[in-house]
1. Step by step: first the residues of the stretch 51-96, then only those that are open to solvent by less than 60 Å² (accessible area, probe 1.4 Å) and of a type in the set (Asp, Glu), then the one that is nearest to the chain's Cα centre (by Cα). Which residue is that?
2. Which of (1) over 23 Å from ALA5 (Cα atoms); (2) open to solvent by 40 Å² or more (accessible area, probe 1.4 Å) is the odd one out, the single condition ALA124 does not satisfy?
3. Can you name the number of the only condition in (1) within 13 Å of the chain's Cα centre (by Cα); (2) surrounded by fewer than 18 Cβ atoms within 10 Å (Cβ to Cβ); (3) at pLDDT 95 or above; (4) not aromatic (Phe, Trp, Tyr) that LEU109 fails?
4. Can you run down the residue pairs with Cβ atoms below 7 Å, 6 or more apart or on separate chains, where the first is in the stretch 42-57 and in a helix (DSSP H, G or I) and the partner is of a type outside the set (A, V, I, L, M, F, W, C) and open to solvent by less than 30 Å² (accessible area, probe 1.4 Å)?
5. For the stretch 155-182, which residues satisfy the criterion of being closer than 13 Å to ALA84 by Cβ and open to solvent by 60 Å² or more (accessible area, probe 1.4 Å)?
6. If we keep just the residues of the stretch 10-20 that are in a helix (DSSP H, G or I) and touching a helix residue (DSSP H, G or I) at 6+ places or on another chain (Cβ under 6 Å), which is most open to solvent (accessible area, probe 1.4 Å)?
7. Give me the pairs: first residue in the stretch 107-119 and under 16 Å from ASP130 (Cα atoms), second residue of a type in the set (Phe, Trp, Tyr), beta-carbon distance under 7 Å, and six or more apart or on different chains, which are they?
Amino acid sequence: MREAAIRLFAEKGSTQVSMSELAQAAGVARGTAHNNLESTDAFFREIASELADEMNDRITISSEGVSDPTRRLALAIRFYIRRAHEEPDWGRFLLRFAISEQALQAFWLGQPVQDLANGQQSGAFHFRPDQIPSAISFIAGSVLGAILLVLDGHRTWRDAGQDAVEFVLRAIGVPGEAAREQAISDLPPLRELPSPPTRSRKGDVAAA
């Protein structure tokens, strides 16, 4: 049901999806949806929170062994853009809600903040410590803009991701040649998280 909900919320907005529409899209009985979900609003908030946590965790495990903050930031940006290409509904959900919804703002408040701080402190990035929130906002806008280009068919995910990394790194003080090198370097797979243990509670239908 979660995948159907992501698609519907991205298409119609978080307040425009009815329980009946959700049940129909997921291929379950309306009563099943009512029995397992508190409300569509609550389900939206749950999904938004889960998506943010999941992506942050996947980026963290996919970057294991990488200590260079420049490399870590470049990987994170390209992971987002490639995943939006591979999972367009996920990408459209981000485009619609990642700036406005508080639960999804956690996308931009995880490891990238620490990487920016580490890079600033080490001298790899050149901006004042008080400018970190603005740097995060700039990176988020660059990622979402690249995703929009990909989903609208204007750029391939590879080209859009490379451009986003190069522009972002140059903007925060990485020399042009080094920024380009990071932009075109090999991109490893975005690793899956281990399967969670089976739960038995109202809302488990979200994983269906």
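The values are calculated or read from the model by the stated rules, or taken from the named source; none is laboratory data. Remember, predicted model here, so these are calculated numbers, not experimental data. All Cβ positions, even for glycine, are placed from backbone atoms using ideal geometry, and neighbour counts span all protein chains on display. Just so you know, the surface numbers come from the protein's heavy atoms only, side chains and all, with ligands and any DNA or RNA stripped out. Shrake-Rupley method; radii C 1.70, N 1.55, O 1.52, S 1.80 Å.
1. By that ranking, first place goes to GLU54.
2. In the conditions (1) over 23 Å from ALA5 (Cα atoms); (2) open to solvent by 40 Å² or more (accessible area, probe 1.4 Å), ALA124 misses (2) alone.
3. If we test LEU109 against (1) within 13 Å of the chain's Cα centre (by Cα); (2) surrounded by fewer than 18 Cβ atoms within 10 Å (Cβ to Cβ); (3) at pLDDT 95 or above; (4) not aromatic (Phe, Trp, Tyr), just (3) comes out false.
4. Listed by first residue and then by second, the contacts come to PHE44/SER14; GLU46/GLY203; ASN56/GLY110.
5. Answer for the stretch 155-182, where residues must be closer than 13 Å to ALA84 by Cβ and open to solvent by 60 Å² or more (accessible area, probe 1.4 Å): ARG155, THR156, ARG158.
6. Top of the filtered list is SER20.
7. Going by the 7 Å Cβ cut-off, the qualifying pairs are LEU116/PHE125; GLY119/PHE125.
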